2 protein chains.
Amino acid sequence: MKAYNEMSREELLSLKEELDQRFADAKGKGLKLDMSRGKPGLAQLDMVMDIMDVLDSKADMRCETGVDTRNYGLMEGIPEARHLMSDMMGGIPAENVIVYGNSSLSIMYDTVSRCVTHGVLGSTPWCKLDKVKFLCPAPGYDRHFSITEFFGIEMIVIPMTPEGPDMDLVEEYVSKDPAVKGIWCVPKYSNPQGITYSDKTVRRFAALKPAAEDFRIYWDNAYSIHDLYEEEQDEILEIISECEKAGNPDMVFEFSSLSKVTFSGAGIAAFASSKANVEETKKYMSIMTIGYDKINQLRHTRYFKNVEGLRAHMRKHAAILRPKFEAVLGVLEKELGGLGIGEWTRPRGGYFISFDAMEGCAKAIVAKCKEAGVVLTGAGATFPYGKDPKDSNIRIAPTFPNSEELAAATDLFVLCVKLVSVEKLLAQ
Amino acid sequence: MKAYNEMSREELLSLKEELDQRFADAKGKGLKLDMSRGKPGLAQLDMVMDIMDVLDSKADMRCETGVDTRNYGLMEGIPEARHLMSDMMGGIPAENVIVYGNSSLSIMYDTVSRCVTHGVLGSTPWCKLDKVKFLCPAPGYDRHFSITEFFGIEMIVIPMTPEGPDMDLVEEYVSKDPAVKGIWCVPKYSNPQGITYSDKTVRRFAALKPAAEDFRIYWDNAYSIHDLYEEEQDEILEIISECEKAGNPDMVFEFSSLSKVTFSGAGIAAFASSKANVEETKKYMSIMTIGYDKINQLRHTRYFKNVEGLRAHMRKHAAILRPKFEAVLGVLEKELGGLGIGEWTRPRGGYFISFDAMEGCAKAIVAKCKEAGVVLTGAGATFPYGKDPKDSNIRIAPTFPNSEELAAATDLFVLCVKLVSVEKLLAQ
């Protein structure tokens, strides 16, 4: 396969003609596919339907300490749910965990919102400060960036490396600028690249010496058990105990969720941190809510029983998801390998494949796909303010479509990558 | 029965001796009862357990428009749940309703929090203002006051009348002071007095001419279908259409919940307002959450089907609750009637009986009850900052205890009222 940048103008022109024809054919097929979001596929949802039978009208609705889950009380969650989520997050003590609604994104929003209005452990509320900044490893998760943008927090892009965020830069910003109050992290199978932070990276995080007393690491452990390969699982160091060992016990807020384990938006989510942070959060919670849905907590814990139950379930997910990832990766390799017009990740878990097109091509590729009926995540979405400085990164979400749809969508995608790249080269 | 203030000192002393003896006996019984909160009783919870069978592993999990409730999407709630909640709130259009988590208190917190950080429809965020004030009809709901206190909002007590808050005062404050941004209302069967706002009161609310563009009525319609008597139901005018008619379409935020219909904390809750406010809220929601638990929405709507189903269910609640209310009221009447040491409400719905002791006696009565093993809502809790200027109001929550416990608790309560009143009169 000849790399595109080694082709003559004539070769490129003739290639373009062929690709234009193929694109016209593809458009004619009237595809209508949405790959914009990391949604579980139907088979994953169907597979867990027996959770709906766990609690019926005859069920004992008391949690393990005898409290009736149908009435008020136990704001921090039922003990067995705190236990399950603490094990899922790497075995931190259950008293460091609060089970907290149906969505970890809501917990992150609440947490940032409360820092804005009330500060952290007695620090100045951010709304009283002239400037608040967050470090944003990018490409990253668009919904993180939306929260910080919503609160007027200045976002600083931190490049990603194969070991996680560029820690030299992180240390520099965090130790020198007291306006830097946080960093967004997806430490395992990062969104969208599928990168797992190395032990060295985690330890450097734990050893940060922040200029701001209210600096926190926002540790969104979204994919802690979302491995694709049983024999090749990434492992992530447990950050809360690492911070404790490093003398920074209060420096991390961790978030986790079962939305991509059982049902999206109908799972349970959790917050974990140091004793001091958890105590403060419980005080806040007594103002903001009468408590979360303990019946759904009971349903989930009775169903999975323990973290081994969770892991067994996730192996079934992997069996469904692995072929989808491999199908996309196979097409990318076969169609784009050696052409020099794109690079992509081969994640061992998580929900995404990250694709880097030639500079200045991502927006055009996404638009081209849309023109032929395949909606991808907006180009730029993986960067703060939706602005990818190189206009290069595209997030591919292979989980939702069935295999037929996925094949059609990926074929279209590689066609659009080729077409836009040729046009780019011809315009140079 | 001789009124206490007509008794001679000798009579009071001899009465005190008798009451002291009876209190010592009561203490000896070792009661242990918590009547501090408006919790549903066991019979109410057991009665609705068949809702747990509505969705099992064989269920069709699509809502009426075909969207899979197990996956992401439909942030504003499934259509049938919006419809059910809109009917429950008096028949406003379903597009004015967002179904929104498990707790209406959380929605209120979120709403106030967002006003603090972002303002309303383009107004200045409250955190940028020197002073923000809320009007607080009192006695009222302690959790409302906790939210405003948490955000440093100054609370102004508005006395209650049999028709609702003192509207002369409300109009005065709202029309003259641009720092007044809201008023907390429980318009039907108010917490704790059980007062339902008259049509005149509701119309005066709708016709307010606020000095602040971001003034809103926080209309916590918590007990809209919580009637105790089928033949004597209070009716409340529908505030959103009244505001619209009065040319103030955006002036009300309404809240509602099924926590006291099915399970506390495992029901569904809703927000309702004008089109403009709902649109703005939906924009906020796209930042703060991936959506709420649509499966629980589906469970509730499949179970109740429509507002008639809700009402039929609430008649069964009434059959359980009416005897509890009547038992307490009977003891109050029999033991305290004519003594001139207390007044109380006879609500036709809601969750509480409001008791006004002689001035300066409420704290002592609550303490006395606690000494003998019955925990009541803290005296003062029904007023902003926990400060009842007359130290007179006590909230009685008769719903949770069974009839035996309730009888024991009420007997103790009237005994403590008598004892504290005698001591007060002797000390004068």
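The values are calculated or read from the model by the stated rules, or taken from the named source; none is laboratory data. Predicted, not measured: the structure shown is a model, and the values here were computed from it. Reconstructed Cβ throughout: ideal geometry from the backbone, glycine too, with neighbour counts over all protein chains shown.
In the set A:2, A:39, A:27, which member is more than 9 Å from every other protein chain (Cβ to nearest Cβ) and within 32 Å of the chain's Cα centre (by Cα)? Talk me through it step by step, then tell me what you get.
Working: A:2 fails: within 32 Å of the chain's Cα centre (by Cα); A:39 fails: more than 9 Å from every other protein chain (Cβ to nearest Cβ).
Being more than 9 Å from every other protein chain (Cβ to nearest Cβ) and within 32 Å of the chain's Cα centre (by Cα) holds for just one of A:2, A:39, A:27, which is A:27.
Residues of the stretch B:150-207 being small (Gly, Ala, Ser) and in contact with a strand residue (DSSP E or B) (Cβ under 9 Å, 6 or more places away or on another chain), which ones? Steps first, please.
Start the filter on the stretch B:150-207 by keeping residues that are small (Gly, Ala, Ser), which leaves B:152, B:164, B:175, B:179, B:182, B:190, B:194, B:198, B:206-207.
Matches in the stretch B:150-207: B:164, B:179, B:182, B:190, B:194, B:198, B:206.
For the stretch B:312-322, indicate whether the set of residues that are under 21 Å from residue B:408 (Cβ atoms), surrounded by fewer than 20 Cβ atoms within 10 Å (Cβ to Cβ) and in contact with a Leu (Cβ under 9 Å, 6 or more places away or on another chain) is non-empty. Talk me through it step by step, then tell me what you get.
Quick first cut of the stretch B:312-322, residues under 21 Å from residue B:408 (Cβ atoms) only: B:320-322.
Filter again for surrounded by fewer than 20 Cβ atoms within 10 Å (Cβ to Cβ), leaving B:320, B:322.
Among the residues that remain, those that are also in contact with a Leu (Cβ under 9 Å, 6 or more places away or on another chain) are: B:322.
Yes, the stretch B:312-322 contains a residue that is under 21 Å from residue B:408 (Cβ atoms), surrounded by fewer than 20 Cβ atoms within 10 Å (Cβ to Cβ) and in contact with a Leu (Cβ under 9 Å, 6 or more places away or on another chain).
Within the stretch B:46-76, which residues are within 11 Å of chain A (Cβ to nearest Cβ), in contact with an Asp or Glu (Cβ under 7 Å, 6 or more places away or on another chain) and not charged (D, E, K, R)?
B:52, B:57, B:61 - these are the residues of the stretch B:46-76 that are within 11 Å of chain A (Cβ to nearest Cβ), in contact with an Asp or Glu (Cβ under 7 Å, 6 or more places away or on another chain) and not charged (D, E, K, R).
Evaluate the stretch B:83-104: report whether one residue or more is away from chain A (no Cβ under 14 Å), within 24 Å of residue B:190 (Cα to Cα), touching a residue at least 60 places away in the same chain (Cβ under 8 Å) and of a type in the set (D, E, K, R).
Yes: the stretch B:83-104 contains one or more residues that are away from chain A (no Cβ under 14 Å), within 24 Å of residue B:190 (Cα to Cα), touching a residue at least 60 places away in the same chain (Cβ under 8 Å) and of a type in the set (D, E, K, R).
Determine if the stretch B:162-183 includes at least one residue that is part of a loop (DSSP other than H, G, I, E, B) and among the basic types (Lys, Arg).
Step one: of the stretch B:162-183, the residues part of a loop (DSSP other than H, G, I, E, B) are B:162-163, B:166, B:177-179.
Pick out the ones that are also among the basic types (Lys, Arg) and you get none.
Within the stretch B:162-183, none of the residues are part of a loop (DSSP other than H, G, I, E, B) and among the basic types (Lys, Arg).
Taking interchain pairs and intrachain pairs at least six residues apart, which have beta carbon atoms under 7 angstrom, with the first residue in the stretch A:137-150 and farther than 17 Å from residue B:285 by Cβ and at pLDDT 95 or above and the second outside any loop (DSSP other than H, G, I, E, B) and among the polar types (S, T, N, Q)?
Between residues of the stretch A:137-150 that are farther than 17 Å from residue B:285 by Cβ and at pLDDT 95 or above and residues that are outside any loop (DSSP other than H, G, I, E, B) and among the polar types (S, T, N, Q), the close pairs are A:139/A:354; A:139/A:393.
Here is a list: B:245, B:260. Which entry is within 14 Å of another protein chain (Cβ to nearest Cβ) and either surrounded by fewer than 24 Cβ atoms within 10 Å (Cβ to Cβ) or more than 20 Å from the chain's Cα centre (by Cα) (or both)?
Working: B:245 fails: within 14 Å of another protein chain (Cβ to nearest Cβ).
On inspection, the qualifying residue turns out to be B:260.
Since residue B:17 meets every condition but one in (1) away from chain A (no Cβ under 14 Å); (2) touching a residue at least 60 places away in the same chain (Cβ under 8 Å), which condition does it not meet?
Among (1) away from chain A (no Cβ under 14 Å); (2) touching a residue at least 60 places away in the same chain (Cβ under 8 Å), residue B:17 violates only (2).
Go over the candidates A:310, A:237, A:258 one by one and state the one that is over 29 Å from residue A:135 (Cα atoms) and modelled with pLDDT of 95 or more. Explain how you work it out, then say what you get.
On the way: A:237 fails: over 29 Å from residue A:135 (Cα atoms); A:258 fails: over 29 Å from residue A:135 (Cα atoms).
Of A:310, A:237, A:258, the one residue that is over 29 Å from residue A:135 (Cα atoms) and modelled with pLDDT of 95 or more is A:310.
Which is among the β-branched types (Val, Ile, Thr) and under 30 Å from residue A:9 (Cβ atoms), of A:375, A:414?
The conditions single out A:414.
So in the stretch B:266-280, with the set limited to residues that are assigned to a loop (DSSP other than H, G, I, E, B) and of a type in the set (S, T, N, Q), which one is nearest to the other protein chains (Cβ to nearest Cβ)? Outline the logic, then answer.
Here is the first cut: in the stretch B:266-280, the residues assigned to a loop (DSSP other than H, G, I, E, B) are B:266-268, B:273-274.
If we keep only those that are of a type in the set (S, T, N, Q) as well, we get B:273-274.
Working: B:273: 20, B:274: 22 Å.
Out of the qualifying residues, it is B:273.
Is it fair to say residue B:289 is farther than 29 Å from residue B:233 by Cβ and surrounded by 22 or more Cβ atoms within 10 Å (Cβ to Cβ)? Quick ask: steps written out before the conclusion?
Working: farther than 29 Å from residue B:233 by Cβ: yes; surrounded by 22 or more Cβ atoms within 10 Å (Cβ to Cβ): yes.
Answer is yes for this residue.
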